[in-house]
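Novice: Pasting a structure here, questions to come.
Readers should treat all values here as calculations from the given coordinates under stated rules, not as data from a laboratory. Note that the coordinates shown come from a computational prediction; the quantities given were computed from them, not determined experimentally. FYI the Cβ positions are ideal-geometry reconstructions off the backbone, even for glycines, and counts take in every protein chain you see.
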Amino acid sequence: MPGVGDKIDVLDHGFVRLDAAEATDLSVVNGARVSFLQIKDEMDDRDEKLIRFLMREKHASPFEHNLFRFHVKCPIAVAREWMRHRWSSFNEHSLRYSEAIESFYVPAAEQVRTQTGKPGRYTFVPMEEETAEKVRAMMEAQYRQAWDTYQSMLDIGVARELARLVLPVGLYTEFYWTVNARALMNFVALRNAEAAMWEIRQYGEAVEEFFAAQMPSTHKAFVEFGRVAP
């Protein structure tokens, strides 16, 4: 199972890497048991039951005494959805202080999709292969034009903070994300879910894989009680 320092590749050029973690099931147990001035050094069956109780009864705060620090590379469009999860900390590659990296997301043909239905109840259907390849070519051409314009603006001395405005949200960005288990469960519940945008769901799956490896009892209880954060 993946651990600290490991990386899971996502999409065509992205990844999720667990940079550091102080996250164990025991952190949850001790966060709860300190109310009775009890501290444990290792887990036992009673502690497994305690975690299930805390999850079932929505006793949230014991799940906050830990942290995961992730290094993420994803399209800007995905990052902007990710950063709506405000109960965590972010630091992102700045296009004011350094130049962009020529790395753009082009979906695989089977992920070029159309949508039908009302907002909040969309159904997404893959497009025909010929159409999908045409869309991929259009995206690549648009990326090339935007990149060339960006480089031309830099070449004539335009400030990076202004030149970046021509870059599309398909450009990859990188950021560090520090989050506790409770906020991580909220992210996973919403982003590794059927209703989530397909691209961010791939990142949600990767994050959940790290979560399950670091805190197996907590993850098991999270799944058992409906994949809802306490």
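Novice: State to the nearest 20 debye the size of the charge dipole of the chain about its Cα centre, where the only charges are +1 on K and R beta carbons and -1 on D and E beta carbons.
Specialist: Values: 28 positive and 34 negative charges, 196 e Å.
Approximately 940 debye in magnitude.
Novice: Sticking with this structure for a sec: Suppose every K and R has +1 on its Cβ and every D and E has -1 on its Cβ; what is the size of the dipole of the stretch 37-165 about the Cα centre, in Debye to the nearest 20?
Specialist: Values: 20 positive and 21 negative charges, 133 e Å.
For this selection, approximately 640 debye.
Novice: Something else: Among Thr116, Gly157, Met127, which residue has its Cα furthest toward the positive end of the charge dipole of the stretch 109-166, with +1 on Lys/Arg Cβ and -1 on Asp/Glu Cβ?
Specialist: Thr116
Novice: Another one. Past the 32 Å Cα-Cα mark, which pairs from Lys73/Lys134; Lys40/Lys220; Lys49/Lys118? Intermediate values should be presented prior to the final figure.
Specialist: On the way: Lys73/Lys134 26 Å; Lys40/Lys220 20 Å; Lys49/Lys118 43 Å.
Cα-Cα > 32 Å for Lys49/Lys118; rest within.
Novice: OK, next. Could you work out how much longer the chain between Tyr122 and Lys220 gets when fully extended? Use 0.36 nm per residue separation minus the Cα distance between them, nm to one decimal.
Specialist: Details: separation 98, 0.36 × 98 = 35.28 nm, distance 3.03 nm.
Extra length from Tyr122 to Lys220 when fully extended: 32.2 nm.
Novice: Let me ask something else about it. Using the Karplus curve 6.51 cos²θ - 1.76 cosθ + 1.60 with θ = phi - 60°, work out ³J(HN,Hα) for each residue of the stretch 54-63 in order, rounded to whole Hz, and write x for Gly and Pro.
Specialist: Result, rounded to whole Hz: 4, 5, 5, 8, 6, 7, 7, 4, x, 7.
Novice: May I ask you to derive the relative contact order of the chain, considering only C-alpha pairs under 8 Å and at least 6 residues apart, and to give it as an integer percent?
Specialist: Details: 355 pairs, mean separation 71.1, N = 230.
Relative contact order here is 31 percent.
Novice: State to the nearest 20 debye the size of the charge dipole of the stretch 109-166 about its Cα centre, where the only charges are +1 on K and R beta carbons and -1 on D and E beta carbons.
Specialist: Numbers: 8 positive and 9 negative charges, 78 e Å.
The dipole magnitude comes to about 380 debye.
Novice: With the contact rule set at Cα under 8 Å and sequence spacing of 6 or more, what percent relative contact order holds for the stretch 109-166?
Specialist: On the way: 39 pairs, mean separation 14.4, N = 58.
Rounded, it is 25 percent for the stretch 109-166.
Novice: Non-local amide H neighbours of Leu67 (under 5 Å, H modeled in plane, Pro and chain starts lacking H): which ones?
Specialist: Glu22, Ala23
Novice: Angle, helix 181-191 long axis vs. longest principal axis of the chain, Cα atoms, 0 to 90°, nearest 10?
Specialist: It works out to around 50 degrees.
Novice: What list of ³J(HN,Hα) couplings, whole Hz, do you get for the stretch 136-150 from phi and the Karplus terms 6.51, -1.76, 1.60, once you set θ to phi - 60° and write x for glycine and proline?
Specialist: For the stretch 136-150, the Karplus-derived couplings read 4, 5, 5, 4, 4, 5, 5, 4, 4, 5, 5, 5, 4, 5, 4 Hz, x marking Gly and Pro.
Novice: How much mean residue ellipticity at 222 nm does the chain get from its helices, if each DSSP H run of length 4 or more adds -39500 (n - 2.57) and you divide by all residues, to the nearest 500 deg cm²/dmol? Each step should come with its number before you reach the end.
Specialist: Details: 8 runs with 96 residues, N = 230.
It comes out at -13000 deg cm²/dmol, rounded to the nearest 500.
Novice: Would you mind pulling out the separation of the Cα centroids of the stretch 160-230 and the stretch 109-129, in Å?
Specialist: 22
Novice: Are there any trypsin sites (Lys or Arg not before Pro) in the stretch 84-144 that are in a DSSP loop and have at most 13 other Cβ atoms within 10 Å? List them by number.
Specialist: Working: sites: Arg84, Arg86, Arg96, Arg113, Arg121, Lys134, Arg136, Arg144; in loops: Arg84, Arg86, Arg96, Arg121.
Here the trypsin sites (Lys or Arg not before Pro) that fit, given the DSSP loop and packing criteria, are Arg84, Arg86, Arg96, Arg121.
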